[in-house]
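The values are calculated or read from the model by the stated rules, or taken from the named source; none is laboratory data. For clarity, every value in this text was computed on a predicted model and none was experimentally measured. Note: ideal-geometry Cβ built from the backbone for every residue, glycine included; neighbour counts use all protein chains shown. Note: accessible area is taken over every heavy atom of the protein model, side chains too, but ligands, DNA and RNA are not part of it. Shrake-Rupley method; radii C 1.70, N 1.55, O 1.52, S 1.80 Å.
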Amino acid sequence: MFSPRASPYTPTNRSTQNRRVSNLFTPQRKASPFPSTAGNKSQNKRSLLQTSQLLEETQSHRVEQYGTPLPVLITEILTYTDRNTEISVKLDPSGWAWLVGGRKLFVWRYKAITSGRNVLCKELTLPPSDLAHNADRVCVIPRDDDAQSAACIAVSPEGVVRYWPNIAYEASSVEISAELKGEECKCVVYFPPYGCLLGTTTSSLVMLTPFLGQNKIAYHPLKAAQGMFSGFGRRVSSLIFGSDPGHTTGASLQALVAGEMGDEERPFYVLSGMHLQKWIVQDGNTERLLYQIDAERMFRENLARKVWDKDLFQLTELKTWLLDMQSTQDGVTILGAGTDLEENATVHYALVSICTLTSGTPSAPSSFTVLDYKLQYEENLEYELFSYQLLRVDGDEIFIHDDQKIIICSASGTTVEELNPPGGKIIGAGVSDSEALFFSILQGLFSVSSSHKQDASMLDEFGEESFAKGDLSSLAPSSSKFHDMSVSEDKPARLKAAFIMTCKGNMKEAEEIVQELFPMTIMTGKGVSSEIDKLVTKLSLDLIDDYPASDPRWAESKRLDTVQSTTSVIILQQLKDKRRAHEFIISFLKKVSLWDRLNVIPVRDGVMSTKWVLCEHVEKLEAAIILRELHNQHGIVIDPAIKKVLVYREDLGFSASLTHHDLFYREVSKIHELFEALLEFEKEVLSREVPASEAVNFIQSVNAVMEGMLQGALQYRKSKGSMFMPNATEQADQLEYIAWTSTGGKTGLRTIIREQYSVTLEMGAPRCGAKEVDMQGILFQQLLFLVDVLLDGYTHQLLSLRQGNQDRYDQLHEEFDQEKHHLILPFLEYKQYEAAASLAEKYLDFEILVKLCEETGNQEKIQKYTEQFADQGFSDFLFNWYMKEGKRGKMLSQPTSKEQDLSRFLQSDDLHYLKWLHDINSNKFKEAHFTLMNLGRHETEILARKKTLLSLSKLAALASEDVDEEMENSIQEIDEEHDLILHQELLPADLVQGLDMEPEHMRVLEPAELVRLYVSEENVSATEYDFKKALDLLNFMAKGESGDNLEILRMHIWCQAILKEKTIWTHNPVGDPLDSIKDTIFLKTVALAFREGWNPQTFLPELKQLLRFPELGELRENQNLHFFLKAAYEQILSILK
């Protein structure tokens, strides 16, 4: 049951990546081991000791870890449980949670309490069942007097109820049967103060009443009230309103929810099939069904009106589903979906709210909201389309989710965001403290909440780790210059002024400037660059290329509108200051609502999302920081390369007081130019005669510099890149994403990295002798990184084109496939097996993986890959590779676990000649029988092979224990085929030799061919037996030939019998005519057939037809032939009489 599964739950072992896929602008303060509320600006609603770690922040929502750390028992179950075991979780608003896996139930508190003993996770055993258990069939009942203990009810699918008065004592449980009479329990819902409601999949209801503190529980089936006229009323109402609501119709139960407690009664609601029922339970546990309404009709009518502006009767192909239901303060809200199959099969989702507070039966919804979320209907994907569940929290947001994604909508139906939850599959959801909670396999419990914050200074948000609040000089110019910027006609200068105001916390003034610059009334076309994009990009670009504000050597270069991002005169610190200042820019754009208005911007030779460009700017800052840190170690290659860059830029004579480094690091946006300079300088050095060891060391240094810069940029992209993802509108444009690290062309980084790979492979690796194994290992580790960068760039580029330009996608994918194999293969040739395996596994180069395992003889790894890449078709590739390499025996000797994959692969028609061997090896004699029989039927080249295949097929049938009527019929067919083969084997030897056929390699002849051979002129020694065999062969043709063809062949046989002895049949009769013809082949054949039980009337043609048959030629007019044949026929008829 248990197999290892990666777990990120243990906090001490969590990697940086798992710990935070965070927003750039989220404060990161040092954690304290002691809880404290002093100094907080806003009181968090969550309890003390409750962890809250930011996992991800989007434009409008925060995804955070929620609750206390998961108990060890839970992390172990999630980590080690077999993937085939169903796991489900329930989150209760009371702070309790429970997980069901197999027959185990685990209960714990996810909300911490401020006092008392520690809460441990309790493991309980569920009732026995042949079906899978589910958390929906469990209910934890909290105790008001003790937050640390609770009672629990668990129900098996068959209706066995197990009750624990206190989960702390597993042994003290009681078990009863709810008497479901063959129905299956679907859910158990807490319904205080009356107990718990049990609902079956077919909408039967049972009240479970536990006796708190006692080992006792009772059950009571719920039914509608019955009166004296109930039968009559049912019959009349069924005529008017449909089926009787008081009786279970067997309709599927969609939802069962409890309403708010009233003075002396409490309602609950049942969504069953197309109906909504409202029940109430009063003191004394007396239940009453108040009413039942046709909720589906209500939904259909409103959906037709809202979406298609038509009446229901006009939409004959309208198909709708009621998916889920949640209770609200004034009633219920139902989630539904519908599509008009006649139009375009688009699935529309909608919410229908029904007020149930009034005493009467609702006749119309209180509100109907069509959600801004659509999918395309496909019948085979119906389960996925309609597996969404509804989650309502206090406020204006509605959550709809399945196990793969979360859709967040506003109360008006507008889709705010679509989230891919961290940690993969969602296995539970709930609401607590007005927050939506979710539980995923890999991340555990997390919340999703709005990220709107109070307007505050960004300096407050960044806290102590950012700029000191009193030192604004690094971002702000002097007061006079600042005023000039804010009133300038130059828009870039005014945008920078607004940015600096935001940094100081003057949000009102900043928003006014932004509103003047970019009024909301100005709309930008889809996929079109706007002034916002251009000015924001310029602001970011000016910042990363800014001049140091406090360095007097740059005095002549200072501009009025400079942001002055740093006060440091140290280059490394200047770069870090720019990085922090850029974080302020992103936060500024979000605060003044410009972030969501960003679209696209022209970049290089194409168009790119503006957010991607901003991310690129930070990546280059990260690369510059790493480069500066590498100076001490690799200055010998960096300094000459920097000088080359400045020569290209013609910047060397800018100022006598500025160093090359000052000039180079100021323009961060051009940091990529260093790669070309490094490569050029490296080629110059290697073109000279240098010792092998020096050449290798030099190549290693160049690789190290490139690797460091790329690693810094890519690490930022990996950890923070999700914040720069384009919004839905930009994604709809299907922009091709070509990162600056993946640009093509002569000076593009993809080209340069590819050249550096070649230099290392061709001029570095061969120079490493036997004593320099370690040096060669270092080179290949560097190559591993460079190849990874190249291929990763391709994958992201392909991902952006997946739903866009198909021709461009196919072209790039073909290039990627060729490139990856060419780049990885040298690792295999140099026996760098681990590096080759890691690359081939990541980028799915199956040929490399198979070759690697074959070279190393590691068959266990082959089996591992077969499982690991099952969905990517590794098994089929492996089997095809074995076929191509002529290793069929190895393919057929696969372990039992891969038997199914091999069987599926061998189903191909051109592989059936191997499939039967696999079937025999797997003891599937019946399958082998039919495979061999099919091969034998279609064998036409060699008769001996056909005979062998059919013989083996019969042996396989006899070996099978599962002989049915179909197999008996096929065995009979094989016997008939063998008879036909025997007729060919009995062809006279001289006839076969005369036809230049070898008996051992004789091709398979058709029955008609055999007939003609047996009676042909070439069969000079033909006897009545040969002609009788020819007649026998007509029986093999009866199933496949038309009657005319059979008759022609029959006439051919008898004509040939006459023509072979033409002299006898045409001589002038002397004496008794029968004596003259009694020894002819014609009459001997008739006699032989007669002796074998044949009726001459069935095989002899009519005399008139025979005498007129064209094959006889001139003999048709020969009177002697007419005479002898009439005599023969007369004699035959007399014998028959």
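Some notes on this structure:
- Residue match in the range 1026-1034 (condition: at pLDDT below 90, within 60 Å of the chain's Cα centre (by Cα), open to solvent by 60 Å² or more (accessible area, probe 1.4 Å) and closer than 23 Å to E973 by Cα): no
- Residue count for the range 399-422, restricted to those that are open to solvent by less than 20 Å² (accessible area, probe 1.4 Å) and in contact (Cβ under 8 Å) with a residue 40 or more places away in the chain: 7
- Scoring M207 on the criteria (1) in a loop (DSSP other than H, G, I, E, B); (2) touching a His at 6+ places or on another chain (Cβ under 9 Å); (3) of a type in the set (A, V, I, L, M) leaves a single failure, condition (1).
- Flag for G231 being of a type outside the set (S, T, N, Q), open to solvent by less than 40 Å² (accessible area, probe 1.4 Å) and modelled with pLDDT of 60 or more: no
- Scanning the range 570-623 for residues being hydrophobic (A, V, I, L, M, F, W, C) and part of a helix (DSSP H, G or I) gives a total of 17.
- Residues of the range 1100-1118 that are part of a helix (DSSP H, G or I) and in contact with a Ser or Thr (Cβ under 9 Å, 6 or more places away or on another chain): L1115 alone.
- Test: T361 is touching a residue at least 40 places away in the same chain (Cβ under 8 Å) and buried (at least 20 other Cβ atoms within 10 Å of the Cβ): no
- The listed residues are T1063, T1098, T1085, and the only one of them that is out of contact with any Pro (no Cβ under 6 Å at 6 or more places or on another chain), under 16 Å from I1132 (Cβ atoms) and without any contact (Cβ under 8 Å) to a residue 24 or more places away in the chain turns out to be T1098.
- Among residues that are within 21 Å of S447 (Cβ to Cβ) and under 18 Å from the mean Cα position of the chain (by Cα), D402 is included.
- Residues in the range 617-633 that are surrounded by fewer than 21 Cβ atoms within 10 Å (Cβ to Cβ) and either more than 18 Å from D662 (Cα to Cα) or in contact with an Asp or Glu (Cβ under 6 Å, 6 or more places away or on another chain) (or both): Q633 alone.
- Pair list, Cβ < 6 Å and 6+ apart or interchain, from the range 754-767 residues that are closer than 13 Å to F827 by Cα to residues that are part of a helix (DSSP H, G or I) and open to solvent by less than 30 Å² (accessible area, probe 1.4 Å): Y757/L786; T760/I699; T760/L779; T760/L783; L761/P826; A765/L779
- K319 under 28 Å from S204 (Cα atoms), assigned to a strand (DSSP E or B) and at pLDDT below 90: yes
- In this structure, Q811 does not satisfy being farther than 17 Å from S742 by Cα, free of Cβ contacts under 8 Å to residues at least 12 places away in the same chain and open to solvent by 70 Å² or more (accessible area, probe 1.4 Å).
- Residue satisfying all of: in the range 1068-1114; small (G, A, S) and within 21 Å of D1032 (Cβ to Cβ); surrounded by the fewest Cβ atoms within 10 Å (Cβ to Cβ) among these: G1093
- Residues within the range 832-856 that are open to solvent by 10 Å² or more (accessible area, probe 1.4 Å) and without any contact (Cβ under 8 Å) to a residue 24 or more places away in the chain, tallied: 5
- Selection count where residues are open to solvent by 40 Å² or more (accessible area, probe 1.4 Å), in a loop (DSSP other than H, G, I, E, B) and either touching a helix residue (DSSP H, G or I) at 6+ places or on another chain (Cβ under 7 Å) or within 22 Å of A429 (Cα to Cα) (or both), scope the range 125-177: 1
- Per the listing E1024, E1047, E1006, E977, the residue uniquely of a type in the set (D, E, K, R) and more than 24 Å from G1093 (Cβ to Cβ) is E1006.
- In the range 920-962, residue surrounded by the most Cβ atoms within 10 Å (Cβ to Cβ) [restricted to those that are over 38 Å from the mean Cα position of the chain (by Cα) and part of a loop (DSSP other than H, G, I, E, B)]: E939
- Residue among V514, V536 that is over 25 Å from I570 (Cα atoms), modelled with pLDDT of 85 or more, in a helix (DSSP H, G or I) and touching a strand residue (DSSP E or B) at 6+ places or on another chain (Cβ under 9 Å): V536
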